[in-house]
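In what follows, a structure is listed as structure tokens, so that the remarks can point back to it.
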Amino acid sequence: MSAPATTATETDPIIETEGLTRRFSVRDGLRRRTVTAVDNVSVQIGAGEAVGYIGANGAGKSTTIKMLTGILVPTSGWARTCGLRPVPERRRLARQVGVVFGQRSQLWWDLPVRESFRILAAIHSLPREEERRRTDELIDQLELSEFLATPVRQLSLGQRMRAEVAAALLHSPRLVILDEPTIGLDVLSKQRLRDFLITERREHGTTLLLTTHDMGDVERLCERVLVVDHGTVAYDGDLPGLSRTVGAERVLVIDLVETSGDLTGIPGTRHLESEGSGLRQRLALDDGATTVARVLATVSARAEVRDLTIEEPDIEDVVRRIYAARR
Ligand SMILES: Nc1ncnc2c1ncn2[C@@H]1O[C@H](COP(=O)(O)OP(=O)(O)OP(=O)(O)O)[C@@H](O)[C@H]1O
């Protein structure tokens, strides 16, 4: 089956797949067996959406991304990315897609960061004025100026990831695919990168598809989540819905100034425990029923708050629960 021949318009999905399937023949001792890495996936992702693509190791995420970007040919079914057929139109597609791999570099290791940008701008045939405008914008937003002249191999991981993202976005792609973009980064570097992606999306209407094991990435960046299990889509919806489906809740950890505050019975929360005679209290949050701001308003009316932190459900735990519910 091949993708229907149509002319792409602005309102067409950025990603569309129908029965997308990829099998591998792998050696298993003396025999060969077939692994179905991606199994009959049919999804649509619209322009401007931000989608988290999550699943256990080996669930099929990278294989899907490779088919969407024309690196791998599907065994059956089809994909259309930015209105193009990924394999035969791979070069045209490369102008519309930016890909960031957290664990692999697309920069030239021995060259200063700025040189890599120049080479990439030439590869994408960016007009001189466009190259200057976009490079300046990315240098400013990703705070690259202090290490533009530094060879890539001398950068810290956080600096390199910012440079990687700039390199992938230099040609202003409509679709950005990020594979574990925040892996190994400290809290501040993660926050910078996420803030940048939010701004990029808001200002340019860029579509984001990201694989991650970090719930904070999904929480901050994505309004839609696809959970993949053995190559099939096990969940497609929003994050609060995902947490509700599997009963994984966010937890508010509230530190009070005095021990007297009673935080039981707050609508949309479940009181989990008290420590230090009530100085620290933990509330499980029902995201569908309330918001952090609303809970905080109620808490503040009852007691003086010293500090508030939010514990995200662990992505591995959420995925495990989704898988368990299907078995
Ligand atoms: N080139 C290949 N040859 C044989 N098997 C492969 C190949 N690429 C992937 N697979 C198999 O396909 C399945 C899906 O792998 P894939 O890399 O897509 O998973 P993933 O969800 O990206 O995992 P991870 O989170 O570890 O990157 C796995 O069982 C993997 O071993």
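Return yes or no: is Gly83 buried (at least 20 other Cβ atoms within 10 Å of the Cβ) and within 16 Å of the ligand (Cβ to nearest atom)?
Here the answer is no, as Gly83 does not meet what is asked.
Would you check which residues across region 100-125 are hydrophobic (A, V, I, L, M, F, W, C) and surrounded by 20 or more Cβ atoms within 10 Å (Cβ to Cβ) and list them?
Val100, Leu107, Val113, Phe117, Leu120, Ala121
Is one or more of the residues making up region 61-74 farther than 18 Å from Leu93 by Cβ, buried (at least 19 other Cβ atoms within 10 Å of the Cβ), in contact (Cβ under 8 Å) with a residue 12 or more places away in the chain and under 20 Å from the mean Cα position of the chain (by Cα)?
Yes.
Do we have any residue at all in region 89-104 that's away from the ligand (no atom under 16 Å from the Cβ), under 25 Å from Leu188 (Cα atoms), more than 20 Å from the chain's Cα centre (by Cα) and at pLDDT below 95?
No, region 89-104 contains no residue that is away from the ligand (no atom under 16 Å from the Cβ), under 25 Å from Leu188 (Cα atoms), more than 20 Å from the chain's Cα centre (by Cα) and at pLDDT below 95.
Return the residues of region 144-166 that are under 9 Å from Val113 (Cα atoms) and small (Gly, Ala, Ser); say none if nothing qualifies.
Of everything in region 144-166, those that are under 9 Å from Val113 (Cα atoms) and small (Gly, Ala, Ser) turn out to be Ala149, Ala163.
In this structure, is Gly184 touching a Gly at 6+ places or on another chain (Cβ under 8 Å), assigned by TED's automatic domain parsing to the domain that holds Thr69 and not hydrophobic (A, V, I, L, M, F, W, C)?
When the stated conditions are applied, Gly184 passes them.
I'd like to know if region 258-278 contains one or more residues that are more than 16 Å from the ligand (Cβ to nearest atom), assigned to a helix (DSSP H, G or I) and in contact (Cβ under 8 Å) with a residue 60 or more places away in the chain.
No - not one qualifying residue is present in region 258-278.
If you check Leu120, Leu68, Leu111, Leu107, which single one turns out to be aliphatic (A, V, I, L, M) and within 16 Å of the ligand (Cβ to nearest atom)?
Criteria check complete, one pass: Leu68.
So, of the residues in region 1-33 that are touching a Phe, Trp or Tyr at 6+ places or on another chain (Cβ under 8 Å) and at pLDDT 95 or above, which turns out to be nearest to the ligand (Cβ to nearest atom)?
Leu20
Please go through region 300-309 and give me each residue that is loosely packed, with under 13 Cβ neighbours inside 10 Å and in contact (Cβ under 8 Å) with a residue 40 or more places away in the chain, ordered by number.
Across region 300-309, the qualifying residues are Glu304, Arg306, Asp307, Thr309.
From the set of residues in region 230-257 that are in contact with a Phe, Trp or Tyr (Cβ under 9 Å, 6 or more places away or on another chain) and not in a loop (DSSP other than H, G, I, E, B), which is surrounded by the most Cβ atoms within 10 Å (Cβ to Cβ)?
Per the criteria, the residue is Leu242.
Identify all residues within region 39-59 that are within 13 Å of the ligand (Cβ to nearest atom) and surrounded by fewer than 24 Cβ atoms within 10 Å (Cβ to Cβ); write none if there are none.
Listed by number, the residues that qualify are Asp39, Val41, Ala56, Asn57, Gly58, Ala59.
Looking at Leu208, Leu185, Leu169 in this structure, which one is buried (at least 18 other Cβ atoms within 10 Å of the Cβ), farther than 17 Å from Ala47 by Cα and aliphatic (A, V, I, L, M)?
Leu185
Quick one: which residue in Ile322, Ile266 is of a type outside the set (Gly, Ala, Ser), surrounded by 15 or more Cβ atoms within 10 Å (Cβ to Cβ) and under 30 Å from Ala59 (Cα atoms)?
Sole residue among the options that is of a type outside the set (Gly, Ala, Ser), surrounded by 15 or more Cβ atoms within 10 Å (Cβ to Cβ) and under 30 Å from Ala59 (Cα atoms): Ile322.
The values are calculated or read from the model by the stated rules, or taken from the named source; none is laboratory data. Source: prediction; values computed, not measured. Every residue, glycine among them, receives a Cβ derived from its backbone with ideal geometry; neighbour counts consider all protein chains shown.
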